1. Accessible surface of T74 in the full protein assembly, 1.4 angstrom probe, to the nearest 10 Å²?
2. Is the shape of the range 1-79 rounded, prolate or oblate, going by the alpha carbon gyration tensor and its root eigenvalues a ≥ b ≥ c, with a/c under 1.5 for rounded and a/b larger than b/c for prolate?
3. If each of E73 and S57 carries a label point 7 Å out from its Cα toward its Cβ, how far apart are those two points in nm?
4. If you bin the C-alpha pair distances of the range 61-185 every 10 Å from 0, what whole percents do you get?
5. So how far, in whole Å, is the C-alpha centre of the range 1-72 from the one of the range 100-164?
6. Once fully extended, how much extra length lies between A184 and W214, figured as 0.36 nm per residue of separation less the alpha-carbon to alpha-carbon distance?
7. Could you compute how fast the chain diffuses translationally, taking Rh as the Kirkwood radius over C-alpha pairs and applying Stokes-Einstein at 37 °C with viscosity 0.692 mPa s? Give it in µm² per second.
8. Using helices alone, I'd like the mean residue ellipticity at 222 nm for the chain: each DSSP H run of four-plus residues gives -39500 (n - 2.57), total over residue count, nearest 500.
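The values are calculated or read from the model by the stated rules, or taken from the named source; none is laboratory data. Predicted model only: the values in this text are computed from it and were never measured. Cβ placement follows ideal geometry from the backbone for every residue including glycine, while neighbour counts extend to all protein chains displayed. Accessible surface areas use protein heavy atoms only, side chains included; no ligands, DNA or RNA. Shrake-Rupley method; radii C 1.70, N 1.55, O 1.52, S 1.80 Å.
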Amino acid sequence: NNTIPVIAIDGPSASGKGTVAQRVAQQLGFHYLDSGALYRLTALAAQKQGVDWSDESSVTRLAAALDVVFEGETILLAGEDVSQSIRTEEMGYGASKVAALPAVRDALLQRQRDFARAPGLVADGRDMGAVVFPSAPLKIFLTATAAVRAERRYKQLLGRGEAADLAAITADLEARDERDRARAVAPLMQLPDALLLETSNLNIEQAVAQVLAWWRERAG
Ligand code: CDP
Ligand code: CDP
């Protein structure tokens, strides 16, 4: 729906997109779309069905048929709470594999657009501004250096009580970002019409404040 205001936030892994997008949505009373979750859910559904992540036609069928319910922080896949199980590094890897398949992206497109409902939407991912919501009035490329992002992911995992190895996280994160940048379809990149939000030296509150300030400029 082209008349609904959308704030599109794209950027690399662990830059803080999800955290910032959720808080901005909360402040504005907007809906929130975590597009990466749809790719993670597709990867998990494939794994559960014994479908290989490179099998484009089978994965596409699963993506099109995803039985998913978003209930606040909770995500249900075919009725099962998968909120935690889609957040593993393995599913991040699987998500980036299935996300490189054009038919899978097409199968998830309308589902993402359906999140745009009044009074507005904050959406985060890799191609929110380029593909899913190209007419979004505010597009942001949110990033931080690879070292800062790896540190953020590391602390996030430790905070969840998971074992974490900073060197392995750094290597995984750089490999996934490289795959996301290099792919032919909907690659990760900063659009010419996106504002750059470099957060290496910003905390969450400062990043949120910048997005809200830009939004007030646009909306006002
Ligand atoms: O969605 P994305 O993978 O880009 O990142 P995230 O899951 O929102 O953020 C990764 C971690 O970085 C979270 O634990 C955030 O709390 C933290 N973070 C931070 O420390 N400083 C920021 N400016 C943004 C996020
Ligand atoms: O939390 P993090 O930023 O590491 O990942 P995510 O946003 O959950 O996305 C997982 C993977 O899904 C990414 O590495 C991308 O390959 C893919 N993805 C995508 O292709 N397009 C999107 N709009 C969102 C995610």
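1. 40 Å²
2. Details: a/c = 2.08, a/b = 1.92, b/c = 1.08.
It comes out prolate by the Cα gyration axes.
3. If labels sit at E73 and S57, their model points lie 4.3 nm apart.
4. Taking every Cα pair in the range 61-185, the percentages come to 10, 35, 40, 15, 0.
5. Measuring centre to centre over Cα atoms gives 7 Å.
6. On the way: separation 30, 0.36 × 30 = 10.80 nm, distance 3.08 nm.
Net length gain for the segment: 7.7 nm.
7. On the way: Rh = 17.6 Å.
In µm²/s, the coefficient rounds to 186.
8. On the way: 8 runs with 106 residues, N = 220.
The helix contribution divided over the chain gives -15500 deg cm²/dmol.
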